[in-house]
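The values are calculated or read from the model by the stated rules, or taken from the named source; none is laboratory data. Bear in mind that the values here come from a model prediction, so they are computed numbers and not experimental data. Virtual Cβ from ideal backbone geometry, glycine too; neighbours counted across all protein chains shown. We work out accessible area using only protein heavy atoms, side chains counted, and drop any ligands, DNA or RNA first. Shrake-Rupley method; radii C 1.70, N 1.55, O 1.52, S 1.80 Å.
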Amino acid sequence: WEVGCGHGHFLTAYAQAHPEAVCIGIDIASDRIERATRKRDRARLPNLHFLQAEARLFLETLPIGVGLRDVFILFPDPWPKLRHRKHRILRADFLDAVAGRAARDCRLCFRTDYAPYFEDAARVVDRHDRWQICDEPWPFEYQTVFQRRAPAYQSLLARVR
């Protein structure tokens, strides 16, 4: 599951490399989903799906028994102003929701080029009782548009307990 899939570059590459996996990318912008869907169709990837959805609502509507194996949050909006931080995706309530729909050993893969967001996210994940930060290699490397533009970035990998 990729939260904020944008134009689908990362998840299309991931789905090509993992044909056995069902891959779902969501974004709130319909034009991004349209572009991502065209990429999927050109690549002929039956295991890849893109939906216009808000992350929390998506989790709430997943059928019972469906468990997430990998969750990718790549270069989300950092909401740098203090008054806007409540809009950041990586917060305790979101981690609760993902943990509630996580399959055993689910991985949470977070990457950002905004150091204050990384520090805040690491603190939130570290304090969460259902997630544990782990020292593992990044599961799938593919340079996103934002990653190419970033002079530096940091990655966090956590597993559900």
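Points worth noting:
- Exclusive hit being touching a Pro at 6+ places or on another chain (Cβ under 9 Å) and either free of Cβ contacts under 8 Å to residues at least 12 places away in the same chain or open to solvent by less than 30 Å² (accessible area, probe 1.4 Å) (or both), set D41, D70: D70
- Residue selected from the stretch 18-38 under the condition small (G, A, S) and free of Cβ contacts under 8 Å to residues at least 40 places away in the same chain, by the criterion most open to solvent (accessible area, probe 1.4 Å): S30
- The listed residue being out of contact with any His (no Cβ under 9 Å at 6 or more places or on another chain) and open to solvent by 30 Å² or more (accessible area, probe 1.4 Å), out of E54, E2: E54
- One residue stands out in the stretch 81-95 among those that are at pLDDT below 95 and not charged (D, E, K, R): the one that is most open to solvent (accessible area, probe 1.4 Å), namely L82.
- Restricting attention to the stretch 104-140, the residues being open to solvent by less than 90 Å² (accessible area, probe 1.4 Å) and part of a helix (DSSP H, G or I) number 9.
- Across the stretch 141-160, the qualifying residues are those that are among the small types (G, A, S) and open to solvent by 30 Å² or more (accessible area, probe 1.4 Å), and the one among them that is farthest from the chain's Cα centre (by Cα) is A152.
- Flag if A15 is surrounded by 19 or more Cβ atoms within 10 Å (Cβ to Cβ) and over 17 Å from R111 (Cβ atoms): yes
- Scanning the stretch 96-103 turns up no residue that is open to solvent by 30 Å² or more (accessible area, probe 1.4 Å), of a type in the set (K, R) and over 15 Å from the mean Cα position of the chain (by Cα).
- Figure legend. Inter-residue proximity from the stretch 128-139: first residues closer than 15 Å to R161 by Cβ, second residues open to solvent by 100 Å² or more (accessible area, probe 1.4 Å), beta-carbon distance below 8 Å, spacing 6+ or different chains. Indicated pairs: D129/R161; R130/R161; W131/R161; Q132/R161; I133/D126.
- One residue alone among R111, R101 is touching a Gly at 6+ places or on another chain (Cβ under 7 Å) and closer than 20 Å to D27 by Cβ, and that residue is R101.
- Test: residue in the stretch 60-67 that is within 20 Å of D93 (Cβ to Cβ), open to solvent by less than 40 Å² (accessible area, probe 1.4 Å) and either without any contact (Cβ under 8 Å) to a residue 40 or more places away in the chain or aliphatic (A, V, I, L, M) (or both): yes
- A search for C-beta distances below 8 Å between a residue of the stretch 143-160 that is without any contact (Cβ under 8 Å) to a residue 60 or more places away in the chain and under 19 Å from D70 (Cβ atoms) and any residue that is in a helix (DSSP H, G or I) and open to solvent by less than 60 Å² (accessible area, probe 1.4 Å), counting only pairs 6+ apart in sequence or on different chains, returns Q154/A115; Q154/F118; L156/F118; L156/A121; L156/A122; L156/V125; A158/V125.
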